[in-house]
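Accompanying notes for the structure given below.
The values are calculated or read from the model by the stated rules, or taken from the named source; none is laboratory data. Quick caveat, the model's predicted, so the values are computed rather than measured. Every residue, glycine among them, receives a Cβ derived from its backbone with ideal geometry; neighbour counts consider all protein chains shown. What goes into the accessible areas is simple: the full protein's heavy atoms, side chains included, and nothing from ligands, DNA or RNA. Shrake-Rupley method; radii C 1.70, N 1.55, O 1.52, S 1.80 Å.
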Amino acid sequence: MNDLTDKNILITGAAQGIGLGVTKHALKNNASVIMLDSNNDLLEETSDALKSTHEGKVFNYNLDLMDDHAYISVINNFHNEFGGIHGFCNNAAASSGLGELHTFSNTDFDKTLDLSFKMLWLSLKCEIQYLTEQSLTASIVNISSNAALRGYANNSIYAASKAAVNSLTLSAAKELGKKNIRINAISPGTILTPGVKNYFKQEPNAEDYLKSSILLNRIGTPEDIGNAVSFLLSEDSKYIHGQVISIDGGSSIY
């Protein structure tokens, strides 16, 4: 069991999909969770449901993570009221636009880089600032994508932004190791998020096609990612640092 007892874990983009899977697994492993999301209605709905079964263990904040000043304020306010934060999962991301590389608009390029890379970079800056100022040890997990490893036709900028997340993780690891702050990245393959479910409804043959490229012959679930993140946040992984780990049913070696 990836024991997170007495640990406060902060998760961005926590209201649905992978972020919610990470949240549920952290709670399952006895953590208290700090849920951040920009979608306030969905955040209230999911956090209220979790609070009903995990009393006193769930905290939620509606936040635009592009506002790094607001984020560091949330972190510091939580620390002052409830205690130190022992782990972070930087999951929040999105892309804008689809199309062949030469047709991709400058506006969608900028928005995708903001949402899939700059937002994580800003979050990471705040987390490191906080941990350094408080002289705390912690584990940080960035959520990347196998698109960074295999490419992503018609969504090349998203793939490139996730490659940047991988590189940022490795560079940060070289800076943070001596501070006893661990950082790793999870690189999911196809995961059954709400967006993927909607895609399967629109494209009925897509699920079987994608399964055929996965050695374990099933689409991953948010809980598959949540389990891996809980491991990396726990002391069970205390010698794992500066790694990008694919959780993809073997599709990256297919």
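Spin-label model, residue 28 to residue 199: label points 7 Å out along the Cα-to-beta-carbon direction sit 2.4 nm apart.
Approximating the spin labels as points 7 Å out from Cα along Cα→Cβ, the residue 216-to-residue 167 distance works out to 3.0 nm.
With the convex hull drawn over the C-alpha atoms of the range 166-206, the volume per residue is 80 Å³. For residue 20, the accessible surface of its heavy atoms amounts to roughly 30 Å² (probe 1.4 Å, protein chains only, rounded to the nearest 10). Taking all protein chains together, 130, 239, 199, 61 sort by accessible area into 239, 199, 61, 130, largest first [probe 1.4 Å]. Summing Cβ point charges (Lys, Arg +1; Asp, Glu -1) relative to the Cα centre of the chain gives a dipole of roughly 720 debye. Residue order by solvent-accessible surface for 253, 181, 18 is 253, 18, 181, largest first, with ligands and nucleic acids left out and a 1.4 Å probe. The candidates 81, 44, arranged from most to least accessible area with a 1.4 Å probe in the full protein assembly, appear as 81, 44.
FRET efficiency for the residue 236 to residue 153 pair, using the beta carbon distance and R₀ = 41 Å, is estimated at 0.65. Think of it as helices only: each DSSP H run of n ≥ 4 in the chain is worth -39500 (n - 2.57), and spread over all residues that comes to -14000 deg cm²/dmol at 222 nm. Screening the chain for whole DSSP H helices with an alpha carbon extent of at least 20 angstrom along the helix axis and a mean Kyte-Doolittle hydropathy of at least -0.5 yields 68-82, 119-134, 156-176.
Compare the peptides 204-216, 226-238 by average per-residue count of other Cβ atoms within 10 angstrom and give them in order, highest first. All intermediate terms of the calculation are to be shown ahead of the outcome.
Details: 204-216: 12.8, 226-238: 20.8.
Going by the mean number of other Cβ atoms within 10 Å, highest first, we get 226-238, 204-216.
Using a cut-off of 25 Å between Cα atoms, the listed pairs 28/118; 118/238; 111/211; 125/179; 7/125; 174/211 include 28/118; 118/238; 111/211; 174/211 as exceeding that distance.
Let's test the formula: R0 of 41 Å, r as the Cβ-Cβ distance of residue 206 and residue 107. What FRET efficiency results, to the nearest 0.05?
After rounding to 0.05, the efficiency reads 0.90.
For the chain, the solvent-accessible area works out to 49 Å² per residue, with a probe of 1.4 Å and every protein chain left in place.
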